[in-house]
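Q: Please read through the structure below; I'll follow up with questions.
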Amino acid sequence: MNDIKIAIASDHGGFTLKGEIYNHLKEKNYIVKDLGTYSLESCDYPIYAKKLCKAILDGEFEKGILVCGTGVGMAICANRFKGIRAANVSDTYSAKMSREHNNSNVLTLGERVLGKGLALEIVDVWLRSEFAQDRHLKRISMIDE
Ligand code: RB5
């Protein structure tokens, strides 16, 4: 059991990939909760970004994954919330560095950008990478000042 609590959410554009990531995390015994959307019906990504970010800031989850068509809209929304550091990532190196240097607590992905295999690899790398602390701590604190 991986006892880190993860929330995942998407709009219709990220619905299918969200399901694949959810199943992948369940298979790896992560504690993961799907905050919606729950169908392919067209919906508004800011609703789901807000729901997930508020749940993280309330302490219900440590990390979140947001999926839309590109990951861009979700990242723009998520980064409006003080304390959320969302990284829109399309490669494993950036996934790792967004944890090590930026202590990202939200990962945003684009279903229309990434294939399933790469998306799952990015999720795995992001979840196992740790914040490097030291000089990066000061920089992280400067974001919220
Ligand atoms: C929905 O068509 C699409 O605009 C949305 O999923 C996302 O890509 C926005 O950034």
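The values are calculated or read from the model by the stated rules, or taken from the named source; none is laboratory data. Note that the coordinates shown come from a computational prediction; the quantities given were computed from them, not determined experimentally. With ideal geometry, Cβ positions are generated from the backbone for all residues, glycine too; neighbour counts draw on all protein chains shown. To get the accessible areas, we keep the full protein, side chains included, count just its heavy atoms, and leave off ligands, DNA and RNA. Shrake-Rupley method; radii C 1.70, N 1.55, O 1.52, S 1.80 Å.
Q: Which residues' amide hydrogens lie under 5 Å from the amide hydrogen of HIS101, considering only partners 5 or more residues apart or on another chain, with H built in the peptide plane?
A: Amide H neighbours of HIS101: ALA132.
Q: Mind grabbing the base-10 log of I(q)/I(0) for the chain at q = 0.10, 0.20, 0.22 Å⁻¹? Debye formula, identical points on the C-alpha positions, no solvent, two decimal places.
A: Cα-only, vacuum Debye calculation for the chain: -0.29, -1.22, -1.48.
Q: Rounded to whole Å and ordered largest first, report the semi-axes of the equivalent ellipsoid of the stretch 88-145 derived from its Cα gyration tensor (root of 5λ).
A: They are 24, 12, 7 Å, listed largest first.
Q: Using all alpha carbons of the stretch 4-50, what is the percent of pairwise distances in each 10 Å bin, ordered from the shortest bin to the longest?
A: Whole-percent P(r) values from 0 Å outward: 30, 52, 18, 0.
Q: Taking each pair of different alpha-carbon atoms in the stretch 45-124 once, compute 1/r for the pair, average those values, and report the inverse of that mean as the Kirkwood hydrodynamic radius in Å to one decimal.
A: That comes to 12.3 Å for the stretch 45-124.
Q: Say the cut-off is 20 Å between C-alpha atoms; which of LYS50/LYS116; LYS82/LYS116; LYS33/LYS96; LYS28/LYS50; LYS28/LYS51; LYS5/LYS50 go over it?
A: From LYS50/LYS116; LYS82/LYS116; LYS33/LYS96; LYS28/LYS50; LYS28/LYS51; LYS5/LYS50, over 20 Å: LYS50/LYS116; LYS82/LYS116; LYS33/LYS96; LYS28/LYS50; LYS28/LYS51.
Q: Which order do HIS136, HIS101 take when ranked by solvent-accessible area (1.4 Å probe, heavy atoms of all protein chains), largest first?
A: My answer, sorted largest first, is HIS101, HIS136.
Q: Another question, if that's okay. Sum -39500 (n - 2.57) across every DSSP H segment of at least 4 residues in the chain, then divide by the residue count to get the 222 nm mean residue ellipticity, nearest 500.
A: Mean residue ellipticity at 222 nm (helix-derived): -13500 deg cm²/dmol.
Q: Taking the Cα centroid of the stretch 119-138 and of the stretch 39-54, what is the distance between the two, rounded to the nearest whole Å?
A: After rounding, the separation between the Cα centres reads 25 Å.
Q: Take LEU137 and LYS50, extend 7 Å from each Cα along the Cα→Cβ direction, and tell me the distance between the two endpoints in nm.
A: Between LEU137 and LYS50, the label points sit 3.5 nm apart.
Q: Leaving ligands, DNA and RNA out of it, report the carbon-plus-sulfur percent of the accessible area of the chain at a 1.4 Å probe.
A: 50
Q: To the nearest 10 square angstrom, how much accessible area does ASP34 have with a 1.4 angstrom probe?
A: Surface open to solvent at ASP34 totals about 40 Å².
Q: In whole Hz and in residue order, list the ³J(HN,Hα) couplings for the stretch 28-34 that follow from phi through the Karplus curve 6.51 cos²θ - 1.76 cosθ + 1.60, θ = phi - 60°; x for Gly and Pro.
A: So the J values, rounded to whole Hz, are 8, 6, 6, 8, 10, 10, 8.
Q: So, one more: What figure in square angstrom, to the nearest 10, would you give for the accessible area of ILE76 with a 1.4 Å probe?
A: 100
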